[in-house]
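Just below is one structure, and these are the notes that go with it.
The values are calculated or read from the model by the stated rules, or taken from the named source; none is laboratory data. These numbers were taken from a predicted model, which means no experiment stands behind them. Cβ placement follows ideal geometry from the backbone for every residue including glycine, while neighbour counts extend to all protein chains displayed. The area values use the complete protein model at the heavy-atom level, side chains included, leaving out ligands, DNA and RNA. Shrake-Rupley method; radii C 1.70, N 1.55, O 1.52, S 1.80 Å.
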Amino acid sequence: MPSEPILLTSHESHVSAKNEVTYDGSAALYRRHAPARYAGNDVWLLPILATLDSRPGARALDVGSAVGTNSFYLAKHGYAVTGIESSSEMVSAARAASGSGGLDNRPRFIRQDFCTWVPDEPLFELVLATAFVHLFTPPLDRDITDALLYHVAPGGAAIISTTLEAQHSQALRSKLDSQNPAPGQPLSDLRWRNHYTRATFRNLVERVAIGRFGATCTVEEHRSQDPERPEKVWSDIVVKRPS
Ligand SMILES: C[S@@+](CC[C@H](N)C(=O)[O-])C[C@H]1O[C@@H](n2cnc3c(N)ncnc32)[C@H](O)[C@@H]1O
């Protein structure tokens, strides 16, 4: 049964459109950070991949794949990767890097809003979504998490990873304090970001995983591999779908 597109409210559509424009302007920054992020995957992602029993050539989906950093990493480790990404600039950068990467099994990058994606292809042994779920307004973040798990094949796994904050907040605000809403400022100028704590992020993912698969999660943490934000802590939640 194919997944159905998520029906967005007008507010959610607005936030999605805002993200698309914002990330179009971030492709160069992501390219600059790619080598450190790629190498950093040895520290946190590789140990998690080692716990999965994926066969060589297993299908992987990288959601919000940006310039393809995680997609290339998964491809190097034998996965057949599809990256899905809504920003055309990000997709162009990923495709350009793909041409020069020397990989036999190049990832396939699709420009597509994940919310409205209806794939007509088999499910994936691995679904990876890093720094993605926090972009969506509640309760859409729950629907997005459920949609991520929808794409996991029986016996497969999802890795859902996000930076943690000391305090939980759900707010329209920018990553930069200087761009947070001033009193009276139109909210349409701003982007959404959920600031999950360790507990709220786990609670979100675990509740959805129990509902979809009756499965619980394992939770790992790692320090940021972003040279500009070394203090950040990431929560890496792994959901395994029973066979
Ligand atoms: C914070 S970045 C994280 C990128 C990458 N996963 C990483 O960890 O480096 C979020 C990415 O998700 C993409 N994105 C945001 N909303 C999306 C949507 N609805 N569908 C597909 N991609 C989306 C953005 O364009 C951006 O490239």
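Assorted remarks:
- Of all residues in segment 96-105, one or more are surrounded by 16 or more Cβ atoms within 10 Å (Cβ to Cβ), over 19 Å from the mean Cα position of the chain (by Cα), at negative phi and among the aliphatic types (A, V, I, L, M).
- Among the residues of segment 61-95, those identified as of a type in the set (G, A, S) and within 15 Å of D24 (Cβ to Cβ) are G64, S65, A66, S86, S87, S88, S92, A93, A94.
- Residue in segment 107-140 that is nearest to the ligand (Cβ to nearest atom), counting only those that are at pLDDT 95 or above and open to solvent by 60 Å² or more (accessible area, probe 1.4 Å): R111
- The set of residues from segment 64-85 being surrounded by 24 or more Cβ atoms within 10 Å (Cβ to Cβ), aliphatic (A, V, I, L, M) and more than 10 Å from P107 (Cβ to Cβ) comprises A66, V67.
- Failed item in (1) among the polar types (S, T, N, Q); (2) touching a strand residue (DSSP E or B) at 6+ places or on another chain (Cβ under 9 Å); (3) open to solvent by less than 10 Å² (accessible area, probe 1.4 Å), with S88 passing the rest: (3)
- Scanning segment 61-101 for residues that are more than 11 Å from the ligand (Cβ to nearest atom), among the polar types (S, T, N, Q), at pLDDT 95 or above and not in a strand (DSSP E or B) yields a count of 1.
- I110 farther than 24 Å from V219 by Cα, touching a Phe, Trp or Tyr at 6+ places or on another chain (Cβ under 6 Å) and in a strand (DSSP E or B): no
- Matching residues in segment 19-37 - criterion: being in a helix (DSSP H, G or I) and within 10 Å of the ligand (Cβ to nearest atom): N19, E20, V21, T22, Y23, D24, A27, Y30, H33, A34, R37
- Every pair of residues 6+ apart whose Cβ atoms lie under 8 Å, when the first sits in segment 12-34 and is closer than 16 Å to N194 by Cα while the second is β-branched (V, I, T): E12/T137; V15/T137
- Residue match in segment 11-18 (condition: outside any helix (DSSP H, G or I), open to solvent by less than 20 Å² (accessible area, probe 1.4 Å) and touching a strand residue (DSSP E or B) at 6+ places or on another chain (Cβ under 6 Å)): no
- Test: residue in segment 37-46 that is in contact with a strand residue (DSSP E or B) (Cβ under 8 Å, 6 or more places away or on another chain) and open to solvent by 30 Å² or more (accessible area, probe 1.4 Å): yes
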